[in-house]
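Input: a single structure, listed below in structure tokens.
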Amino acid sequence: MAASTYREAVRSALREEMERDPDVILLGESITGYGGSYAVTRGLVEEFGSHRVMETPIAEAGIVGFAVGAAMGGLRPVAELMTVNFALLALDQIVNSAAKFHYMFGGQWSVPMVVRTVSGFGQLGATHSQSFEGWFASVPGLKVVMPATPADAKGLLLSAIRDPDPVIFIEHSLLYSTRGPMPDDPAALVPIGRARVARAGTDVTVVAYSRMLLQALQAAEALEREDGCQCEVIDLRTLRPVDYPTVAASVRRTHRVVLCGEDWRSGGFGAALLAELQDLCFDDLDAPIARVAMRDVPLPYARNLEQALLPSSEQVVETVRSLL
Amino acid sequence: MYRQMVLIRHFEEHAAEAYAQAKIGGFLHLYIGEEAVAVGALAAARPTDPLLTHYRDHGYALARGCDPTRCMAELFGRATGLSRGRGGSMHLADRSRHFWGGHAIVGSHIPIGTGMAYAAKYHRREDVVLEFFGDGATGNGIFHEGLNMAALWKVPVVFICENNLYGMGATLAEESPVKDMVIRAEGYTMPARQCDGMDVLAVYETVQAACAHARGGNGPFFVECLTYRFRGHSMADPELYRDKEEVQRWRALDPIPRFGARLVAERLCTERELTAINEQVEQEMLQVVAAADAAPVPDPATVAEMIYANPIDPAAPVMALGAAPPPAPAAVLLGE
Ligand SMILES: Cc1ncc(C[n+]2csc(CCOP(=O)(O)OP(=O)(O)O)c2C)c(N)n1
Ligand SMILES: [Mg+2]
């Protein structure tokens, strides 16, 4: 079985879709000569030309607005927003344009576009270390995807580009260099809206996505080793629409659930997930739904201060133990 | 063109009346006084040129030939409305007529039209995208981002600024350091022309030249139409910020009688013919209002439909995903 890094997986999805469909274009800041601030698009402008890999001004709202229009004009744009922090400048276009047109204009047209952006941290300070997936996931009209593995990064991006609706595709800066197995069929799609049971277990359900999946899997190993506890770890993969059937089926067997995310506890994605699961699973639960999330603090620069805030596998272990 | 201006005027007068009777809800922004801009500009463009406008959009829809009954039905919130009762006055759209929407977030459609123009250029279509917006929109960053990209990538778009001297209650002097909006285009090395927006022929000629420029592969063009809205910003506006004399001065320039007088002076039309047009249109509008009023409201059971072109149900069995094509416009059915 072939292996790939997460970065190469994203790049190969972009490359293959561009080869398959001449209407796929990329646009973003420093994505051509520089190769993208996380080097994802390196080499693509040489391969496809500057009319398909477009260097843009530093204008996030303009980039997304332009992509919405390009999609309406018959293209399949993939807009890169350097990080999710800068995506805030494009919120209007994402929420009021991309997410609304199909509904608000009575189904006359859809907006087939992807916004690729990046969450993460690493002593980058308060303005460059945030996670906003909960905001996007709260908007009807958007689909929101956060892959944790190279295979999913590729398969989900292929699906996202082919989808007729706007998809927010959030990568993670600390995952780009991780390696993982790739499917034998390089063109295999991973469907949007399907969670994956990443590790089967019987005692507690741990729901995670993106980088927190790795923390959750580490925690599950430690819990098995040290406590003999069998965690079932679910990789959510898509945050809108959430695959509630898969999560609920697991909770029905384990009767306990921990929700993991890197965004702020108050109003974060986990808060919405918790509320919904309480409705769906209340009778199945033997313990309150628990969360691992970022404390409500802007991320500081100093390494020790930042470390003190980041959700970790140790926190997942402690939280699971608190339920047993 | 005379008939179209009269049509817009009468349509909106009836809309104002229906609003007063609470048959129309929300915001209603009237275009009365500015008819020469939409009519002159759209007559100068091709009917297939993509059109995007701000929320003061009834005039463009009608000038583009959208069915007045379906426009009125949209204002009435009916299932047969242009946007099937989901959009309302500010969000009319008719893809079959290449009208890609009224956009109610000020300035938001400017990069969108730029992107559409890029797609036209990419596919080697001869389209010129027409984008209409107000003077107020030029204060928003998104306006500048859109113009910058349009100029950078030399896309076929004509930006048409309706300078009606106000952005809601803000006077031009309060909202802009420049009096002439054409100056905004200079920083983007974009050719620009100002014209009398109360004169339908002046608008026609200016936009014709602008379209020729853009269609010829020379990149974007900026047009400023000097105009005035005779009514308040919306139906809710008490108009405390401008004096009645100013309104009277501009009313004397009303584009409809002005163009009518010219048609008569040049012997292209008689007074009697103009009167007949007015009467015909009025009769037509009475029918439009009656038909809109009789149209069915949308079925509440459908309220959560159409959010996605490809709705995903995580509970459904996995199908061949990614294969679903966007719905063809012809597949959009009317009614519920
Ligand atoms: C981004 C945004 N801010 C504020 C508003 C509220 N608003 C609606 S219309 C308007 C004035 C716009 O003026 P202008 O662009 O000159 O157009 P006009 O109404 O004169 O046709 C304002 C402030 C809005 N719709 N969108
Ligand atoms: Mg104005």
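For the range B:194-229, what are the residues that are among the hydrophobic types (A, V, I, L, M, F, W, C), open to solvent by less than 50 Å² (accessible area, probe 1.4 Å) and in a helix (DSSP H, G or I)?
Taking the range B:194-229 and keeping what is among the hydrophobic types (A, V, I, L, M, F, W, C), we get B:195, B:198, B:200-203, B:207, B:209-212, B:214, B:221-223, B:225-226.
With open to solvent by less than 50 Å² (accessible area, probe 1.4 Å) added as a condition, the list becomes B:195, B:198, B:200-203, B:207, B:209-211, B:214, B:221-223, B:225.
Once the filter is applied, which keeps residues that are among the hydrophobic types (A, V, I, L, M, F, W, C), open to solvent by less than 50 Å² (accessible area, probe 1.4 Å) and in a helix (DSSP H, G or I), the range B:194-229 yields B:Val200, B:Leu201, B:Ala202, B:Val203, B:Val207, B:Ala209, B:Ala210, B:Cys211, B:Ala214.
Name the residue, out of B:Glu224, B:Glu205, B:Glu174, that is of a type in the set (Asp, Glu) and over 27 Å from B:Val6 (Cα atoms). Even if it seems obvious, please write down each step before you answer.
Numbers: B:Glu224 fails: over 27 Å from B:Val6 (Cα atoms); B:Glu205 fails: over 27 Å from B:Val6 (Cα atoms).
Exactly one of B:Glu224, B:Glu205, B:Glu174 is of a type in the set (Asp, Glu) and over 27 Å from B:Val6 (Cα atoms), namely B:Glu174.
Looking only at the range A:236-287, count how many residues are under 14 Å from A:Thr205 (Cα atoms), out of contact with any strand residue (DSSP E or B) (no Cβ under 8 Å at 6 or more places or on another chain) and of a type in the set (Val, Ile, Thr).
Of the residues in that region, 0 qualify.
If you take the residues in the range A:240-252 that are in contact with a Gly (Cβ under 9 Å, 6 or more places away or on another chain) and open to solvent by 10 Å² or more (accessible area, probe 1.4 Å), which one is nearest to the other protein chains (Cβ to nearest Cβ)?
The extreme case among them is A:Pro241.
Considering only residues that are assigned to a helix (DSSP H, G or I), more than 14 Å from ligand 1 (Cβ to nearest atom) and in contact with a strand residue (DSSP E or B) (Cβ under 8 Å, 6 or more places away or on another chain), look in the range B:140-182 and name the one that is farthest from the other protein chains (Cβ to nearest Cβ).
Taking the candidates together, the pick is B:Val182.
Residue check: is B:Ala290 of a type outside the set (S, T, N, Q), without any contact (Cβ under 8 Å) to a residue 12 or more places away in the chain and away from chain A (no Cβ under 14 Å)?
Details: of a type outside the set (S, T, N, Q): yes; without any contact (Cβ under 8 Å) to a residue 12 or more places away in the chain: yes; away from chain A (no Cβ under 14 Å): yes.
The answer is yes for B:Ala290.
Take the range A:1-42 and flag every residue that is among the aromatic types (Phe, Trp, Tyr) and within 21 Å of the chain's Cα centre (by Cα). Write out each step before concluding.
Step one: list which residues in the range A:1-42 are among the aromatic types (Phe, Trp, Tyr), which gives A:6, A:34, A:38.
Of everything in the range A:1-42, those that are among the aromatic types (Phe, Trp, Tyr) and within 21 Å of the chain's Cα centre (by Cα) turn out to be A:Tyr6, A:Tyr38.
How many residues, within the range A:207-258, are part of a loop (DSSP other than H, G, I, E, B) and over 16 Å from A:Asp152 (Cβ atoms)?
6
Report the residue count in the range A:192-239 for those that are among the aliphatic types (A, V, I, L, M) and buried (at least 24 other Cβ atoms within 10 Å of the Cβ). Quick ask: steps written out before the conclusion?
As a first pass, look at the range A:192-239 and keep what is among the aliphatic types (A, V, I, L, M): A:192, A:195, A:197-198, A:200, A:204, A:206-208, A:212-214, A:216-217, A:219-220, A:222-223, A:233-234, A:236, A:239.
With the extra rule that they be buried (at least 24 other Cβ atoms within 10 Å of the Cβ), the set shrinks to A:192, A:204, A:206-208, A:212-213, A:216, A:219-220, A:233-234, A:236, A:239.
Result for the range A:192-239: 14.
May I ask you to list the residues in the range B:233-250 that are touching a residue at least 24 places away in the same chain (Cβ under 8 Å) and either open to solvent by less than 70 Å² (accessible area, probe 1.4 Å) or touching a Gly at 6+ places or on another chain (Cβ under 9 Å) (or both)? Spell out how you get there, then give the answer.
The initial filter retains those residues of the range B:233-250 that are touching a residue at least 24 places away in the same chain (Cβ under 8 Å), namely B:233-237, B:240-242, B:250.
Answer for the range B:233-250, where residues must be touching a residue at least 24 places away in the same chain (Cβ under 8 Å) and either open to solvent by less than 70 Å² (accessible area, probe 1.4 Å) or touching a Gly at 6+ places or on another chain (Cβ under 9 Å) (or both): B:His233, B:Ser234, B:Met235, B:Asp237, B:Leu240, B:Tyr241, B:Arg242, B:Trp250.
With B:Arg95, B:Arg64, B:Arg86 as the choices, which residue is over 23 Å from A:Met113 (Cβ atoms) and either touching a residue at least 60 places away in the same chain (Cβ under 8 Å) or more than 8 Å from chain A (Cβ to nearest Cβ) (or both)?
Being over 23 Å from A:Met113 (Cβ atoms) and either touching a residue at least 60 places away in the same chain (Cβ under 8 Å) or more than 8 Å from chain A (Cβ to nearest Cβ) (or both) holds for just one of B:Arg95, B:Arg64, B:Arg86, which is B:Arg64.
Restricting to the range B:140-172, give me the number of residues that are among the aliphatic types (A, V, I, L, M), open to solvent by less than 30 Å² (accessible area, probe 1.4 Å) and away from ligand 2 (no atom under 15 Å from the Cβ).
Selection size over the range B:140-172: 8.
Take the residues in the range A:140-161 that are closer than 25 Å to A:Leu91 by Cβ and within 10 Å of chain B (Cβ to nearest Cβ); name whichever of them is most open to solvent (accessible area, probe 1.4 Å).
A:Pro140
What do you reckon, is A:Pro181 more than 14 Å from chain B (Cβ to nearest Cβ) and under 16 Å from the mean Cα position of the chain (by Cα)?
Details: more than 14 Å from chain B (Cβ to nearest Cβ): yes; under 16 Å from the mean Cα position of the chain (by Cα): no.
No.
The values are calculated or read from the model by the stated rules, or taken from the named source; none is laboratory data. All values reported here derive from a predicted model rather than from experimental measurement. Glycine gets a Cβ as well: all are built from the backbone with ideal geometry, and neighbour counts include every protein chain shown. The area values use the complete protein model at the heavy-atom level, side chains included, leaving out ligands, DNA and RNA. Shrake-Rupley method; radii C 1.70, N 1.55, O 1.52, S 1.80 Å.
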